[in-house]
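Okay, so here's the structure we're looking at.
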Amino acid sequence: RATAAMGEAPEPSPQASLAVLSKVELRVSCKHLLDRDTLNKSDPCVLLLMQSQGQWMEVDRSEVIKSNLNPVFAKIFTVDYYFEEVQKLRFEVYDSHGHAGVGTHDDDFLGGMECTVGQIVAQKRVTKPLFLKYGKFAGKSTITVISEEISGNNGYVELAFRAKKLDDKDLFSKSDPFLEIYRIDDDRSEQLVYRTEVVKNNLSPIWEPFKVSLNSLCSCEEKRKLRCVVWDYDSRGKHDFIGEFFTTFEEMQKAMGENKVQWDCMNPKYKIKKRNYKNSGVVVLLDLKIHRVYSFLDYIMGGCQIHFTVAIDFTASNGDPRNSCSLHYINPYQPNEYLKALVAVGEICQDYDSDKKFSALGFGARIPPKYEVSHDFAINFNPDNDECEGIQGVVESYQSCLPKIQLYGPTNVAPIISKVARVAADEERTKEASQYFILLILTDGVVTDMADTREAIVRASYLPMSIIIVGVGNADFTDMQILDGDDGILRSPKGEPVLRDIVQFVPFREFKNASPTALAKCVLAEVPKQVVEYYSYKAFPPRCPQPETPDSNLSSPQ
């Protein structure tokens, strides 16, 4: 994981670092595979497995390549990369049998290889022998895995190709063309970027549009040379060469909007032999769309404000605030757990909110003047403006409201989630990445309105907001873990899943003896990812990315 420092951070600061996830693309090829088929060559497919708690779990699998002992797979495997973890991978190659899919029988097994994500990332390219069961070499078979990190400023591009009047390579029918795109690297080696599907019996095929990352296509360099090859598919793996052309991503971009770009598809042998040779057909790029992928810092530097709301549990189970055993007891020498959690998380968030004003709400108490129970009251008792000046303002409002209210119940948090969601919904309508909302709920027990809370969280997952719940005191918080979707997907009572995982729950007691930054680091670790996921889902770009300055310390995380 790369880390994007929060706050001022030129010098080592007590501010927590928020982890920014790195993703790595893996490409696989094999050489000298065993031939398991009597009549044809093997039809290989690669399975990627990852070790999780000692068990190998299948993550993904490649396409099947027909009749080929030296396959270059078009499938790109994407894995999350954590610098601080050993992530074990296993690649297994099988001979596939038609519609039965990939068998995992010993007689179909062409060999396996184990390594770690770290090894592939460090070496960029790993070639290892394939082993059969019991450590036996699979002949001279090798597997090569090439890795590329998807950097923060990367994006992806959607391309739509067709061809016209291709050469006919088949005797009794028309060619079955497919297109391959290769990136030419600095060492002049070629890297397969994409292989289209085969269009049967058609000399003017229209291939399905496809997406590739800019990193994958051209290493994010617009002038890098690309080689595009058109083949006539052969089921025995002996594809006939129709023609090729060279281009760059820079040239491809002329196809944006209504424009189209086209290239002559050339067969160099025909060019030499045939005097009047013009081409072996034409390839047309019908459309190109660029989708940028932005990082958390891109949004922050584009002016996105993080608006922070704190909600405090004033139910009777906290104990009488005048009693030193109460979780709300105000000790002049030692802040209580509510205050510790509030300050730890709030101090980080305030760096991202230009007006430094925080909404502070309470729930589960009887409040003046009529002493009716409220589940979303402003602790400064100003219903028109629940904002306090900075974290210190929240602390002062909290301390001054305690003597005025009567702790009661039940522990209902759905009203407060819905209240913040209404403000977030207004923000969403601006269709800009200008404000993201974090709701910090501090509570001493399991919520009473669990069904309503689950419904409110599912609704909120479609809005620019995240929810952090800190359990204060020694209650049994097992039921609260349900709200944190880490063990599975949180669903509403009707079974509707959350769009994104927006809840982080931690019991404060796990951090009692740790520094305040440890709590903040834990509960805020998911926020950058949640911000990026939301704006990516809505396809909102950062508002106005600041131009890079040479002395800027805040460039996007590498």
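Can you confirm whether region 242-258 contains a residue that is modelled with pLDDT of 95 or more, closer than 21 Å to Ser173 by Cβ and part of a strand (DSSP E or B)? Within region 242-258, one or more residues are modelled with pLDDT of 95 or more, closer than 21 Å to Ser173 by Cβ and part of a strand (DSSP E or B).
When Glu389 is tested against (1) open to solvent by 30 Å² or more (accessible area, probe 1.4 Å); (2) under 38 Å from the mean Cα position of the chain (by Cα); (3) among the charged types (D, E, K, R); (4) more than 15 Å from Val310 (Cβ to Cβ), just one condition goes unmet, and that condition is (4).
Exactly one residue out of Val282, Val345, Val310, Val293 is more than 30 Å from Tyr535 (Cα to Cα), in contact with a strand residue (DSSP E or B) (Cβ under 9 Å, 6 or more places away or on another chain) and not polar (S, T, N, Q): that is Val282. Close Cβ contacts (under 9 Å, 6 or more residues apart or on different chains) running from residues in region 183-205 that are over 23 Å from Gly237 (Cβ atoms) and free of Cβ contacts under 8 Å to residues at least 40 places away in the same chain to residues that are of a type outside the set (Lys, Arg) and surrounded by 13 or more Cβ atoms within 10 Å (Cβ to Cβ) comprise Asp185/Gln191; Asp185/Ser219; Asp186/Ser219.
Can you confirm whether Phe178 is in contact with a Ser or Thr (Cβ under 6 Å, 6 or more places away or on another chain), over 18 Å from Leu49 (Cβ atoms) and either open to solvent by less than 20 Å² (accessible area, probe 1.4 Å) or part of a loop (DSSP other than H, G, I, E, B) (or both)? In short, yes. Every listed requirement among (1) charged (D, E, K, R); (2) under 28 Å from Arg195 (Cα atoms); (3) modelled with pLDDT under 95 is met by Arg1 save one, (2). Mind checking whether some residue in region 481-499 is open to solvent by less than 20 Å² (accessible area, probe 1.4 Å), assigned to a strand (DSSP E or B) and modelled with pLDDT of 90 or more? For region 481-499, residues open to solvent by less than 20 Å² (accessible area, probe 1.4 Å), assigned to a strand (DSSP E or B) and modelled with pLDDT of 90 or more: absent.
Each residue in region 343-379 was checked for being open to solvent by 50 Å² or more (accessible area, probe 1.4 Å) and polar (S, T, N, Q), and 1 pass. Of the residues making up region 330-342, just one is surrounded by fewer than 19 Cβ atoms within 10 Å (Cβ to Cβ) and either hydrophobic (A, V, I, L, M, F, W, C) or touching an Asp or Glu at 6+ places or on another chain (Cβ under 9 Å) (or both), namely Ile330.
Restricting attention to region 159-166, does a residue exist that is more than 30 Å from the chain's Cα centre (by Cα), on the phi > 0 side of the Ramachandran plot and without any contact (Cβ under 8 Å) to a residue 60 or more places away in the chain? If you could, list the steps in order and put the result at the bottom.
First pass over region 159-166, keeping only residues more than 30 Å from the chain's Cα centre (by Cα): 162-166.
Then drop every residue that is not on the phi > 0 side of the Ramachandran plot, which leaves 165.
This time we only want the ones that are without any contact (Cβ under 8 Å) to a residue 60 or more places away in the chain, so: none.
The answer is no; no qualifying residue exists.
Of the residues making up region 435-466, just one is β-branched (Val, Ile, Thr), modelled with pLDDT under 95 and in contact with an Asp or Glu (Cβ under 6 Å, 6 or more places away or on another chain), namely Val446. Listed here are the strands (runs of 3 or more DSSP E) enclosed by region 44-99 that have at least 2 residues being closer than 18 Å to Leu33 by Cα and in contact (Cβ under 8 Å) with a residue 40 or more places away in the chain: 44-52, 72-81, 88-95. Does Leu226 fit the bill of being within 23 Å of Phe73 (Cβ to Cβ), in a helix (DSSP H, G or I) and open to solvent by less than 10 Å² (accessible area, probe 1.4 Å)? Spelling it out, it is not the case that Leu226 is within 23 Å of Phe73 (Cβ to Cβ), in a helix (DSSP H, G or I) and open to solvent by less than 10 Å² (accessible area, probe 1.4 Å).
The values are calculated or read from the model by the stated rules, or taken from the named source; none is laboratory data. As the structure is a prediction and not an experimental result, all values here were calculated from the model. Note that we place each Cβ from the backbone using ideal geometry, even for glycine, and neighbour counts take in every protein chain shown. The accessibility values were calculated without ligands, DNA or RNA, using every heavy atom of the protein model including side chains. Shrake-Rupley method; radii C 1.70, N 1.55, O 1.52, S 1.80 Å.
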